[in-house]
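Working notes for the structure below.
The values are calculated or read from the model by the stated rules, or taken from the named source; none is laboratory data. From a predicted model like this one, the values you see are computed outputs, not experimental measurements. All Cβ positions, even for glycine, are placed from backbone atoms using ideal geometry, and neighbour counts span all protein chains on display.
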Amino acid sequence: MTETALIVENLWKSYDQVTALKGVSFEIGKGEIFGLIGPNGAGKTTTLRIIAGILHPDKGVIRIYGKDPKRDEVEVKRIISYLPEDAGVYRFLKGIEFLHFLAEIYAETSEEAEKMVEYGSRISGLGERLWDPMKSYSKGMKRRLLLASTLMTRPKLAILDEPTSGLDVYHSVLMRKAIKNYVKETGASVLLSSHNMLEVEYLCDRVAFIDKGQIIAIGTPEELKQQFNASNLEEAFINAVGGEVEEHVA
Ligand SMILES: Nc1ncnc2c1ncn2[C@@H]1O[C@H](COP(=O)(O)OP(=O)(O)OP(=O)(O)O)[C@@H](O)[C@H]1O
Ligand SMILES: [Mg+2]
């Protein structure tokens, strides 16, 4: 790994009833795409929300390009962007108005803002529909607009919680290409969670398996397949979290 973009060290987080994170640690290099894979309830969203500064951990250290999200909140907010798993949209804004609204916050000149909007429009693939109110968009169209808006502001660390969830195959491929190109062009880093192993194999340089609030393995997809004696990442993951998949019959 070259220079470090993100350090996560010994994160602990409890909600009222559950201890969601039990000592999560990992690092991401500059220009790296890093994937978190884990079963429902494993603690992926909790981890991402803490890194994005939306939740505070009970314990643990986070450094984003050397900055502490708590102490250097404003600086950190400027260099990250976060796509929540269940993000909503501003119903009455048109897609294009939403992109302009964000560009005006992030860009320093009107020229830069125009470029951002152009880039965001292109990634969204929404074409003419950008001029319709966002409430008229399908679930996947909203997701595409939000993902586009997340990359458009040129974050040094993009935090994407299940970026292509709900997208059709064609648009999932487009979005993955957009993420990959973004990293290639800018040298930025991406932390994402996903349940789609094809996506993870295509996108991620390294992957962490997380289960019951703990990281149980970290490596390149190739290393994880070898470590868990599997021919694909899905099998490696199943082996890592404990073998057989049992059928639940009601
Ligand atoms: N707001 C909350 N209040 C109480 N418990 C919560 C809350 N959010 C998450 N949890 C609990 O914390 C644990 C981790 O949840 P989290 O959402 O981080 O999992 P996840 O890995 O993102 O799962 P999924 O794949 O379903 O998105 C779960 O047991 C969940 O029930
Ligand atoms: Mg989640």
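Only residues that are more than 9 Å from ligand 1 (Cβ to nearest atom) and either in a strand (DSSP E or B) or among the hydrophobic types (A, V, I, L, M, F, W, C) (or both): list them for region 53-64, please. Hits for region 53-64 are 54, 59, 60, 61, 62, 63, 64. When 50, 37 are checked against the criterion of being over 30 Å from residue 128 (Cα atoms), within 16 Å of ligand 1 (Cβ to nearest atom), within 19 Å of the chain's Cα centre (by Cα) and free of Cβ contacts under 8 Å to residues at least 40 places away in the same chain, a single residue qualifies: 50. When the criteria are applied in full, residue 208 fails the requirement of being closer than 28 Å to residue 20 by Cα, at pLDDT 95 or above, in a strand (DSSP E or B) and in contact with a helix residue (DSSP H, G or I) (Cβ under 8 Å, 6 or more places away or on another chain).
Looking at 193, 124, which one is within 16 Å of ligand 2 (Cβ to nearest atom), under 19 Å from the mean Cα position of the chain (by Cα) and of a type in the set (Gly, Ala, Ser)? Reasoning before the result, please.
Numbers: 124 fails: within 16 Å of ligand 2 (Cβ to nearest atom).
Answer to the selection: 193.
Inspect region 163-181 for any residue being within 16 Å of ligand 2 (Cβ to nearest atom) and out of contact with any Lys or Arg (no Cβ under 9 Å at 6 or more places or on another chain) and give the result as yes or no.
So in region 163-181, the residues within 16 Å of ligand 2 (Cβ to nearest atom) come out as 163-166.
Add one more test, that the residue is out of contact with any Lys or Arg (no Cβ under 9 Å at 6 or more places or on another chain), and what stays is none.
No, because not a single residue in region 163-181 is within 16 Å of ligand 2 (Cβ to nearest atom) and out of contact with any Lys or Arg (no Cβ under 9 Å at 6 or more places or on another chain).
Is at least one residue of region 164-177 touching a residue at least 60 places away in the same chain (Cβ under 8 Å) and either on the phi > 0 side of the Ramachandran plot or crowded, with 19+ Cβ neighbours inside 10 Å (or both)?
We begin by selecting, within region 164-177, every residue touching a residue at least 60 places away in the same chain (Cβ under 8 Å); these are 165.
Among the residues that remain, those that are also either on the phi > 0 side of the Ramachandran plot or crowded, with 19+ Cβ neighbours inside 10 Å (or both) are: none.
Within region 164-177, none of the residues are touching a residue at least 60 places away in the same chain (Cβ under 8 Å) and either on the phi > 0 side of the Ramachandran plot or crowded, with 19+ Cβ neighbours inside 10 Å (or both).
Quick check on region 73-82. Is at least one of its residues within 16 Å of ligand 2 (Cβ to nearest atom), crowded, with 18+ Cβ neighbours inside 10 Å and within 21 Å of the chain's Cα centre (by Cα)? Break it down stepwise before answering.
We begin by selecting, within region 73-82, every residue within 16 Å of ligand 2 (Cβ to nearest atom); these are 82.
Imposing the further condition that a residue be crowded, with 18+ Cβ neighbours inside 10 Å reduces the set to 82.
Checking the rest, the ones that are also within 21 Å of the chain's Cα centre (by Cα) come to 82.
So far as region 73-82 goes, yes, one or more of its residues are within 16 Å of ligand 2 (Cβ to nearest atom), crowded, with 18+ Cβ neighbours inside 10 Å and within 21 Å of the chain's Cα centre (by Cα).
Filtered by the rule that a residue be small (Gly, Ala, Ser), more than 14 Å from ligand 2 (Cβ to nearest atom) and out of contact with any Phe, Trp or Tyr (no Cβ under 8 Å at 6 or more places or on another chain), region 9-42 gives 14, 25, 29, 31.
Just name the residue that is nearest to residue 154 (Cα to Cα) out of those in region 94-144 that are assigned to a loop (DSSP other than H, G, I, E, B) and polar (S, T, N, Q). Quick ask: steps written out before the conclusion?
Filtering region 94-144 down to residues assigned to a loop (DSSP other than H, G, I, E, B) leaves 107-109, 125-126, 132, 137-138.
Checking the rest, the ones that are also polar (S, T, N, Q) come to 109, 138.
Numbers: 109: 14, 138: 26 Å.
Among residues in region 94-144 that are assigned to a loop (DSSP other than H, G, I, E, B) and polar (S, T, N, Q), the one nearest to residue 154 (Cα to Cα) is 109.
Of the residues examined, residue 156 is not one that is at pLDDT 95 or above, among the charged types (D, E, K, R), crowded, with 17+ Cβ neighbours inside 10 Å and over 25 Å from residue 86 (Cβ atoms).
Quick check: is even one residue across region 83-100 within 26 Å of residue 69 (Cβ to Cβ), within 16 Å of ligand 1 (Cβ to nearest atom), buried (at least 20 other Cβ atoms within 10 Å of the Cβ) and touching a residue at least 60 places away in the same chain (Cβ under 8 Å)? Yes: region 83-100 contains one or more residues that are within 26 Å of residue 69 (Cβ to Cβ), within 16 Å of ligand 1 (Cβ to nearest atom), buried (at least 20 other Cβ atoms within 10 Å of the Cβ) and touching a residue at least 60 places away in the same chain (Cβ under 8 Å).
Note on region 179-190: residues that are under 13 Å from the mean Cα position of the chain (by Cα) and within 17 Å of residue 124 (Cβ to Cβ) total 2. Annotation note: of 41, 31, the sole residue that is at positive phi, in a loop (DSSP other than H, G, I, E, B) and crowded, with 17+ Cβ neighbours inside 10 Å is 31.
A single member of 109, 150 is in contact (Cβ under 8 Å) with a residue 60 or more places away in the chain and either of a type outside the set (A, V, I, L, M) or surrounded by fewer than 14 Cβ atoms within 10 Å (Cβ to Cβ) (or both), and it is 150.
Of all residues in region 6-31, those satisfying the criterion of being aliphatic (A, V, I, L, M) and either within 16 Å of ligand 1 (Cβ to nearest atom) or touching a residue at least 60 places away in the same chain (Cβ under 8 Å) (or both) are 6, 8, 11, 18, 20, 21, 24, 28. Only a single item in (1) at pLDDT 95 or above; (2) buried (at least 19 other Cβ atoms within 10 Å of the Cβ) is not met by residue 131, and it is number (2).
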